[in-house]
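J.: Next up is a structure, given as structure tokens.
The values are calculated or read from the model by the stated rules, or taken from the named source; none is laboratory data. These figures come from a predicted structure and were not determined experimentally. All Cβ positions, even for glycine, are placed from backbone atoms using ideal geometry, and neighbour counts span all protein chains on display.
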Amino acid sequence: MTYEQTLEYLYSQMPEYQRIGHLAYKPGLDNSLRLDAIFNHPHRNYKTIHVGGTNGKGSTSHLLAAILQESGYKTGLYTSPHLVDFRERIRVNGEMIPKEYVVEFVKKYRDDFEPVMPSFFELTMEMAFLYFAEQKVDVAVIEVGLGGRLDSTNIISPDLSVITNIGLEHTQYLGDTLPKIATEKAGIIKPRTPVVIGEIEDEDVRRVFMETATQRNAPVIFAEGAMENLRSVKTSEGWLFSSDDYPDMPNQLGGLAQEKNAKTVLTAVGELKQIGYQIPKEAVFSGFANVIALTGLMGRWQVLQEKPRIICDTGHNAHGIRYVAEQLLQETYDKLHIVFGMVNDKDINAVLSLLPKNAVYYFTKASVERAMDEKALAERAAAIGLRGETFETVPLAIDAAKTTAGENDLIFIGGSSFVVADALPLFL
């Protein structure tokens, strides 16, 4: 099979949750444990760091990987979903897994894994674990897929667990309250393993983490307390962070949410140093300043074009869109244009209620089965005062926005990772 044929096989034979939703969701660790046994537990050959949470876990994972790379560690990075190329999910020192490896993995092991009937995520996770072992990485940063307790990645025994924040998401699987969701996310807390907790906005959520950590004799560190002296300022060249240990540190990632992520990452770095990782201060500075080049991260308040200025962001739920809306208020422009689409299992009204009413909207649908119909989205938006035209595809919506916008206007593209995924090839 060619690389393209191999991907088609994976998508068709092992349904991907990100694309089709609940039909591909397989909670529980049974399949992951069976697969892991087939491949002789490859993740036991290197150190791991486990990163979960509602939002920011992708940025946090990439920043930690960048810092570890700059510290001299050969570093694996496993994240999801991808935006442009499947291989974005599996990287070693920033380099994507080769196409040939993906093809050979399926060809070589197909008879072994097919009887397990794994999901797309379960199989690609095991592919990553095996690839990291064969590449002899020193450490791998592993991002949780969905939830935590029953997520496929929860078979690892990490040196450190990180939970970025808690927001309402995937309520049909994780629970319909913040404490219920926190309980699922807290499932990645391991016995006698330190855990860093990022943003906390709910005392009941804090209590869940404290109780779980106590039960498992796991040291728990809250980043907002550990890094309360961190300050951020937006300059003409980007964001600048300052703390007692890291004064005037440039951050390559844009967006207000990155201050929260920075507190989480810097607290995690401190804990890693406590348990023996050698992380010099200059590696932290370099990781923050060069994370995109070092790890290939895309879609985080990413500027795609100037005149008109075009920005995309993968924020896709109320917790994430809140930061997007705040950031849009700080931008300068003559008129705001928003290319917007969502998937059909999000809290649509909660997201729409956060969006600015003084914008021209281009409602659209990403090229995945989970995408919400653009006309239905426009109807929901109109009910709360957001009005605009509808477009069957993201490229059509972007073309319309670019045609309409003046050179001093701002075009924002978002609402779903898949809208951003459809947009990026038009600019890269």
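J.: Mind checking which residues of the stretch 131-142 are surrounded by fewer than 23 Cβ atoms within 10 Å (Cβ to Cβ) and not β-branched (Val, Ile, Thr)?
T.: Those that are surrounded by fewer than 23 Cβ atoms within 10 Å (Cβ to Cβ) and not β-branched (Val, Ile, Thr): 131, 133, 134, 135, 136, 138.
J.: Can you name the number of the only condition in (1) within 20 Å of residue 1 (Cα to Cα); (2) crowded, with 22+ Cβ neighbours inside 10 Å; (3) modelled with pLDDT of 95 or more; (4) not charged (D, E, K, R) that residue 120 fails?
T.: Failing condition for residue 120: (3).
A quick yes/no check of all residues on (1) assigned to a loop (DSSP other than H, G, I, E, B); (2) at pLDDT below 95; (3) more than 19 Å from residue 266 (Cβ to Cβ):
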| position | (1), (2), (3) |
| --- | --- |
| 190 | yes, no, yes |
| 208 | no, no, yes |
| 214 | no, no, yes |
| 225 | no, yes, no |
| 228 | yes, yes, no |
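J.: Does residue 283 satisfy the condition of being surrounded by fewer than 22 Cβ atoms within 10 Å (Cβ to Cβ) and either more than 22 Å from residue 82 (Cβ to Cβ) or without any contact (Cβ under 8 Å) to a residue 24 or more places away in the chain (or both)? Give the steps one after another, and end with the answer.
T.: Working: surrounded by fewer than 22 Cβ atoms within 10 Å (Cβ to Cβ): yes; either more than 22 Å from residue 82 (Cβ to Cβ) or without any contact (Cβ under 8 Å) to a residue 24 or more places away in the chain (or both): yes.
Answer is yes for this residue.
J.: Here's a follow-up. Being among the charged types (D, E, K, R), under 19 Å from residue 36 (Cα atoms) and surrounded by 18 or more Cβ atoms within 10 Å (Cβ to Cβ) narrows it down to one residue among 114, 126; which is it?
T.: The match here is 126.
J.: At least 2 residues that are modelled with pLDDT under 90 in each: list the helices (runs of 4 or more DSSP H) lying fully within the stretch 16-74 that qualify.
T.: 17-20
J.: Could you please find all residues in the stretch 181-207 being surrounded by fewer than 16 Cβ atoms within 10 Å (Cβ to Cβ) and among the basic types (Lys, Arg)?
T.: Matches in the stretch 181-207: 192, 207.
J.: Out of all the residues in the stretch 96-128, which are under 17 Å from residue 41 (Cα atoms), in contact (Cβ under 8 Å) with a residue 60 or more places away in the chain and part of a helix (DSSP H, G or I)?
T.: Passing the criteria: 109, 112, 113, 116, 121, 122, 123, 124, 125, 126.
J.: Turning to a different aspect of this structure: Could we say that residue 10 is modelled with pLDDT under 95 and surrounded by 15 or more Cβ atoms within 10 Å (Cβ to Cβ) here? Give the steps one after another, and end with the answer.
T.: Working: modelled with pLDDT under 95: yes; surrounded by 15 or more Cβ atoms within 10 Å (Cβ to Cβ): yes.
Against the criterion (modelled with pLDDT under 95 and surrounded by 15 or more Cβ atoms within 10 Å (Cβ to Cβ)), residue 10 qualifies.
J.: I need a count of the residues in the stretch 362-420 that are aliphatic (A, V, I, L, M) and touching a His at 6+ places or on another chain (Cβ under 8 Å). Spell out the reasoning first.
T.: Restricting attention to the stretch 362-420, the residues satisfying the condition of being aliphatic (A, V, I, L, M) are 366, 368, 371-372, 376-378, 381-384, 386, 394, 396-398, 400-401, 405, 410-411, 413, 419-420.
In the following step, the residues that additionally are touching a His at 6+ places or on another chain (Cβ under 8 Å) were identified as 401, 405, 410-411.
So the count comes out to 4.
J.: So, one more: Quick one: which residue in 277, 323 is on the phi < 0 side of the Ramachandran plot, among the hydroxyl-bearing types (Ser, Thr, Tyr) and touching a Ser or Thr at 6+ places or on another chain (Cβ under 9 Å)?
T.: 277
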